[in-house]
Structures are given as C-alpha cells and as structure tokens.
Amino acid sequence: MSQNLTQRIKTAQIWDIPGGIHPPENKAQSLKDPIAEAPLPKQVILPLAMHIGAPAEPLVQVGDKVKTGQMVAEPKGLVSAAIHASISGTVTGIEDRPLAHSSGMSGPCIIIESDNQDDWVDLEPIDNFRDIDPATLVEKVRYAGLAGMGGAGFPTAVKLQPRHTIHTLILNGTECEPYITADHALMRERAEDVIQGALLMAYMVGEPEQILVGIEDNKPDAIEALQKAIDRAGDSRLSQRVFPTKYPSGGEKQLIQILTGKEVKSGGLPADLGILVQNVGSAVAAWEAITQGKPLVSRVTTLVGDALGRQNNYLARIGTPIADLLELAEIDRNKSDRVVVGGPMMGFTLLNDQVPVTKITNCLLVPSLKELPAPPPAQACIRCGLCAEACPASLLPQQLFWYAQVEDHDKLRDYNLFDCIECGACAYVCPSSIPLVQYYRAAKGDIRESEREKVKSDHARLRFEARKERLEKEAEEREAKRKARMEAAKAKQAASDSGKSSDGASDLVAAAMARVKQTSANPEETRLKLERQKKTFEERIEGIEAKIAEAESDDIKAKFSSQLKNTQKKLDGILEKLDSLENTASQEEIAPAPEKDAAAAAIERAKQKSEALAGMSESEKLKSTLASLKSRQEKAAAKVAEAQASGADTLEALKTGLGKIEEKILATEKQLTELGED
Amino acid sequence: MQSAFSDPILIFAVIALVGLAVLFGAVLGFASEKFKVEGDPIVEQIDSILPQTQCGQCGYPGCRPYAQAIASGEANINRCPPGGQATINHLADLLDVEALPLDAESGVEEEETKVAYIIEDLCIGCTKCIQACPVDAILGAAKQMHTVITSECTGCDLCVEPCPVDCIEMITVEEGLSNWHWTLPPSSSKQIEGFKITDVITTDRVKTKQDDAA
C-alpha cells in the first residue's frame, strides 16, 4: 500500500480538503523588510513548560552565572524538551511568572538578568551529520530543546523517533493563518537551511522515499527560493508541492490530505500512515542544532497590526518580554487595546504584556480597533449550516454547539468533538456570530476533567475496597487467635482437671483460689527477679566503666558512655520497681484485711455515697460534692508540697491535677450560688 | 371407541414434547451455570456513577453500600452531596426514575474540590485520622507526625472530626495550569448590561470582569 501511496504522490497530484475559508490574508505588511534582529533583552523569562509534555527540570540556582546557549533546565520524562539560557548573565530567580497562556495564569520560570556580553558557551558543531548514528542525532536534538515551531510546541525529538517506518517526510511551510509570516520570511531568506534541515531530518527517521515541501501559492518569493535550494541539493526525493491558498490547509492532518489524499483516522497519528510532518522552522532549528551545535535560543516572530509603527518579522531571543518587542515595533497604545498571541483565527488575547516570547510564539498581533472591530453580540443559531460547510474536519458544528450548551458529553463524543482542530472556520462564517470554538474548547475541557475525575474515583474505589478487605482479614485473624487461645485454655483446664477427681463446681473454685494464691505469691517472686536483674545490671555497669577507662580514642569513649547511660537508666528503672514493690508490701502489712480487694472497697464507698446522695436535695448534693472536692484539694496540695520538697518529676502532673480539682470546686460553687438564686 | 392413549400419534407427540422440555431444560440449566453473573450488575453500574468519596454523607458506610441500598430500593438517589445534581441526573437516567433535587439532610453540594491538610506542628500522632480515612490516604504512625497523601485524598472530611487537637483542615484545590480549562461563553440572553466584549477573535476567550480587575 505504501508503494501505491508513494506512486500516487509522485504524480504530483494535489487533493482538496473539505470546507475551509478564505479570510483576508493581511500578510504583505510584515513582509516588506527582511527579518530584523531584535536587540538583546535586559532580562529573559524562560518558562519551564514552553512545550507540550512534562515541564523541564531546572539545572541552575539563583545567583548562578550562565552563558548564552547553556542548558538551564533538562528534559524530564520522554515527552519534554530542554531549555537554554538565551542570553548570558546571572540567574536572578526561579519563580512563578505570568505566562503567555490563554488562562493568564502564572507558571514556574527561570529569570536571567543580562550582562550585555552575549557570551556563548563552546558549541560542538558536526560537519557531516551522516558520520553520526541517527539515534545520537535525535538525542542531540532533544537536548537542543527543539519543540514544534509551528505553534503546538510538541517536542521535535519525540516525533523523530516514530514507531512506524516513515516513507514520506512532509515539511509544513503552509502558514495558512492570516497575518502570520514568520515561516514565510524564514523560507524566503533561509531556504538553503530549510532544505538541508529537511535532509537532516530525513536521515534521522531512516531515509524516507519522499520529502515533500508543502506551501501555499500566496508565497511566490518563498516558492522560488525553495525551488532553487532544492535544485542545488540535487536529491531526487525532494520535491515542492504548491497548492491553492485556503484556510486551514496548514493543519497537520489537512496538509497530509492535500498532499497525499489520505486521511489520518480519528484519534490516529500521521505516523500510522508512514508520514511525518515537520514545520519549516523546526527544520532550520534542527539544522542549526546539529551543524552548528546551537540550541534553540531564538525564533522568528511576526509583529503585525495597524497599531504598530514598524510591522516586521523579528528574530527575538526566547524569553524576551513581549512588551520589549512591542516597544521595538513602535506600538501606539492609543490605537490598540489588546495584544493577540498567534493569529486572528486561533490566537488568544494576552492579559499581561510582561509575559515572555516562547518557542511557540510565532506572531504578535496588535490590531487597531478599526482593523478588527468588536464582534456583534452572539445571536440564536438559525440552522443555516454554513459552519458544517466550512468545517475542514467534516464535523457538524451545529450539533456540537447544541450538545456543548447542554453539556451532553456522550453525544459530543458521538459527534467526534475531539477531531475538532479548533481552527475557527465555523465561527468565522457564522451569521449569528456565535463563538463556536469557545463552546468546543469548554466542552473538551469539561470532558477531560470528568475523565480525570473518573480515573480518580476508580482509584479511590480500589483503595476503599482494599482497605475493607484488610480490615476484614484483621478482624478474622483476631477472632481466630481468640478462639485458639480459648481452645488452649480449655485443653489446659481439662489436663489439670484429669489429675484431680472431684466435681466441676468445687474444681472451678479451687482453680480460682489457686490463681489468687499465685498472684499473692507473685510479689515475692517479682522482687527476687528484680534483685537478680539489679545485680546483673550493676555488674554490667562496672564492666562498661572499666572499658571506658581502657578506651583510647574519644569516639569509643563516647560510645561506651552512651551505653553506660542506657544501662544506668535501666538499672534506675529496676530500682524504682523494687521500691514500689516494697511500698505495696508494707502497705499490705499495715492493712488488716489484705485479701479485701481495693477496687471492691472503692465500689462499696461509691455505693454508699450514691445512696446518701439519693436522699439529698440538689443543693445538699452539691454541698457534699464540694466538701469532698475540698478534702481532695487539700490532699492534692499536700502531695504537691511533698513533691516540691523531694524534687520528684511528677510535680507537674500533680500540679495540673490540683488545678483541675480547683476548677471543679469553682464550678460547683458557681452551681451552688445559681441554685441559691433560684 | 379407542382410548386416547392408544393413539400412536398422540404418544409420539407427548414423547417429542417431553424430550424437547428435557433438552431445553438441560440447555437452560447449563447456561445459567456457565454464564452466572457474580454480584448484582445494577449495583456495579450505580457504584461506577457514584463519586467514590466514601464520605458516608448518604448515611451508608461508603459508596458501594449506598449503591446496594439504591439497587434494593431502600434509599433515594438524591443523597450524595459530593456527586451533586450531576450524579443524581446520571442515576435517574440509569434507573429510569425522576431526578430529584439533592436531599438537604445529607448535606450541600460543594463547588470546589477539597483535600485534607494536616497542620504538622500541631499533630500529636494519635492515629485517629488514619483509622477514620476510608481510602488509606493518611500516612503516619503512633506518636509520629501524620500527613495526607494529596493524590489519594477524596476530600470526604471524615478525618476532621476524630482529630483531638483540631489539626486537620480541608483546603480548596486551587485551579492551576494543569487543570485550567475554558469555560462556556455567556449565552447571548445572559449578557450583562455594560459587559464589554473587547475580544474580536471568534475563537478567543471573552474577557471577564475579574480579568479587567487583575
């Protein structure tokens, strides 16, 4: 089939795309003079995300000196591009700055203050690229920071590593949008580099059979220059295809259709057809990156519009504030009230002209109010169908408009919303001046967002279910353990029972008595155990102390002394336990009835108290509570004093305890007075 | 007169019918085993519409239990505040019932997405929030500072209440470059008096008053 397709292409036939419009071209005003080099900016702002894909990762820090062409941020991930200092100077900030983005939002940027030297790094030119492995060249392109110069900003290196065999390389010199002439000027003045760049790219993607240069017939001078360059190159694969001017012929899929008659299917890539499309600006940038070793630090930008005194193409350093360029082009701020980045069909209004020129800024349009007057307010759709006739993607803009209004996402998908290239042809022809593309963009954003949410909610469901499973498993395990313990206890019981021969009831009592005995015997055992422990620890401390005395270096000493500290701490703990054990033992001796449980006594006391309280009135109750609180307070105060005297570390705790009792007393007193008032 | 049963044709017919019945019975029995559906498919469908915040505002301990309750007819479809009216409409579509307004008892729909944030200086490491989190989005251990894994947080705010030191806040997720998208233009009927459309590009964004202020 590819044979077939190349045969067809060789016949130099031109196909047509459906729809399209013919808006006024307005290209002459910026083509009068050759490309002018803009002066070095005093400061450049380099956004970390000038391309589609992952933002680059900064390699410099604030205060670093950088040279022109030095990589200041490296590509992160597969779809990403490097960023280079476009002037020499000092990095003065890595911070959020407003971006040339339709949202007007800010994003991370590297800011470089110029030293006015324009001191370049040492470049590594390659004289003959054919001596080098294509994969190495692609890597060089990646690190030269190339991103689609036509406006989309897709990293060039990614496109140069296609998964399919490429049989046709197409250079896109269409530049169909009104006003924009950056590519036109480039082709006119640097046709040689365009063609050489095309041959270089062809080498990188495995030498396709065809290299086509697609160009509209409204650029005769560029066509002539390119033809000369092609003749000089003397490569039979190269040929130029000139086709009638129509907007939007420059869309990637549209251009493929015009030059090959093949349609890229919905959701597919040109590479699926064995075709690769590159912008002419990207070809020049790739040529410079390889043969001169020059990374992408500048680009041609068209400054156009009646509000500018010097409409022209300027070679500007990337990161130059747009305001600087506007001043250079002698902007008359009285004539204009806005600056558009891109062309009049697909561009967007800047909310702030301090934003920088990026790798994709191909045009700055500053129209006077007369030139592009405000559109009349949108009216109701009259179902005229002009939009469907204008659509280059053969969609049904009316239907999309209805479904976008009611946010019917399923229907929008059914009507292939995502095949819309947002060219604006439908809105251009709309007699009701409905801003159709805005609806499509909003709907696309909504759908993407709901897809993101869907992914997130599926993820949350997985995690929720995993957690539930885990909790159930834990509960089961606990239950199993409990059962196992119960079984073991039963078995033990049975074993001990089999030794004796008496009835069950008295057995249970006996067992309980035995347990009680065991616990009461325990203090003695514990004491012995603790004493043993104390002894071993004391021995250990002695040993460590001896080692410290022997130790030579400070390091070892420090190690041993920390060990000593730990051991000492443990010993202290044991001593404390022994103390408390002795205390309880002495208390038990004093107590006349040691077998009487302390808890039972407390319950008894509480019962008596509550019985007593039950008989009292509210105020009496409060009074008795108050009395008991006061006695507790006295006790607590005594304890605090004692602790203070002995310097015990429980002092703080005791103090807070006392504070709480005092609070309670206050509250009770308050209640009492309130009761009295009643 | 001959007995009806002695007619061979009738006997053949009965045998044929019984044979067919046995055959189809076997086929159906086999099919019901072979193509057995695990779980209730309608519950799955309802569950896939619910937002999976697992917040329990509907009164059920998670989205799946609520889905089961809806499927069995126990619960109304309007008790999911995080999903809001969109979810209710979806459910109404699926179940072919009338879309109801959100049940005020369950809560109010919030416009912004929120995530939990632990003020780490105040956290005492009690693990109460970890136990409360339905999606295991909080990382930490006893007496160690806890933190929320933002990408996993569903914003259910179940962790806020158990915190003994009130160190958990629900913060709104700011709109950034990664999640910004165009909004629908104001419809012509809704155009505000004195609203200045300075945009002339048909594909362009209409300036809002906020932009002018900025």
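Yes/no per residue for (1) surrounded by fewer than 21 Cβ atoms within 10 Å (Cβ to Cβ); (2) at pLDDT 85 or above; (3) within 14 Å of chain A (Cβ to nearest Cβ):
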{"position": "B:A67", "(1), (2), (3)": "no, yes, yes"}
{"position": "B:I70", "(1), (2), (3)": "no, yes, no"}
{"position": "B:E74", "(1), (2), (3)": "yes, yes, no"}
{"position": "B:I77", "(1), (2), (3)": "no, yes, no"}
{"position": "B:C80", "(1), (2), (3)": "no, yes, yes"}
{"position": "B:G84", "(1), (2), (3)": "yes, yes, yes"}
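Could you go through the range A:381-395 and let me know if any residue there is assigned to a loop (DSSP other than H, G, I, E, B), more than 30 Å from B:I49 (Cα to Cα) and either among the acidic types (D, E) or at the interface with chain B (Cβ under 8 Å from one of its Cβ atoms) (or both). Taking every residue of the range A:381-395 in turn, none turns out to be assigned to a loop (DSSP other than H, G, I, E, B), more than 30 Å from B:I49 (Cα to Cα) and either among the acidic types (D, E) or at the interface with chain B (Cβ under 8 Å from one of its Cβ atoms) (or both). Checking each residue in the range A:396-444 for being more than 10 Å from chain B (Cβ to nearest Cβ), crowded, with 22+ Cβ neighbours inside 10 Å and assigned to a loop (DSSP other than H, G, I, E, B) picks out only A:C420. Considering only residues in the range B:112-128 that are more than 14 Å from every other protein chain (Cβ to nearest Cβ) and within 28 Å of the chain's Cα centre (by Cα), the one that is nearest to B:E174 (Cα to Cα) turns out to be B:Y117. Taking the criterion of being closer than 22 Å to A:P41 by Cβ and either within 13 Å of chain B (Cβ to nearest Cβ) or in contact with a His (Cβ under 6 Å, 6 or more places away or on another chain) (or both), the residues of the range A:356-373 that qualify are A:C363, A:L365, A:V366.
Checking the structure you have, find out if any residue of the range A:283-294 is surrounded by fewer than 23 Cβ atoms within 10 Å (Cβ to Cβ) and more than 33 Å from the chain's Cα centre (by Cα). Checked against the condition, which is being surrounded by fewer than 23 Cβ atoms within 10 Å (Cβ to Cβ) and more than 33 Å from the chain's Cα centre (by Cα), the range A:283-294 yields at least one hit.
Every residue in the range A:22-48 that is more than 12 Å from A:N312 (Cβ to Cβ) and among the β-branched types (V, I, T), please. Matches in the range A:22-48: A:V44, A:I45. Scanning the range B:149-183 for residues that are within 8 Å of chain A (Cβ to nearest Cβ), over 22 Å from the mean Cα position of the chain (by Cα) and surrounded by 18 or more Cβ atoms within 10 Å (Cβ to Cβ) gives a single hit, B:W182. Checking each residue in the range A:177-195 for being of a type outside the set (D, E) and surrounded by fewer than 24 Cβ atoms within 10 Å (Cβ to Cβ) picks out A:P178, A:R188, A:R190.
The strands (runs of 3 or more DSSP E) found wholly in the range A:21-116 and carrying at least 3 residues that are surrounded by fewer than 20 Cβ atoms within 10 Å (Cβ to Cβ) occupy A:89-98, A:106-114. Check the range A:394-415 and report whether any residue there is of a type outside the set (D, E), in contact with a Gly (Cβ under 6 Å, 6 or more places away or on another chain) and outside the structural domain of A:V437 (by TED's automatic domain parsing). No, every residue in the range A:394-415 fails to be of a type outside the set (D, E), in contact with a Gly (Cβ under 6 Å, 6 or more places away or on another chain) and outside the structural domain of A:V437 (by TED's automatic domain parsing). Regarding A:K411, is this residue free of Cβ contacts under 8 Å to residues at least 60 places away in the same chain, out of contact with any Pro (no Cβ under 6 Å at 6 or more places or on another chain) and farther than 21 Å from B:P186 by Cβ? Here the answer is yes, as A:K411 does meet what is asked. Taken over the range B:130-148, residues that are within 14 Å of chain A (Cβ to nearest Cβ), over 18 Å from the mean Cα position of the chain (by Cα) and surrounded by 14 or more Cβ atoms within 10 Å (Cβ to Cβ) amount to 7. Number of residues in the range A:155-197 that are among the aromatic types (F, W, Y) and part of a helix (DSSP H, G or I): the value is 0.
The values are calculated or read from the model by the stated rules, or taken from the named source; none is laboratory data. This one's a predicted model, so the numbers in the text were calculated from it and none came from an experiment. Please note: Cβ atoms are built from the backbone with ideal geometry, for glycine as well, and neighbour counts cover all protein chains shown.
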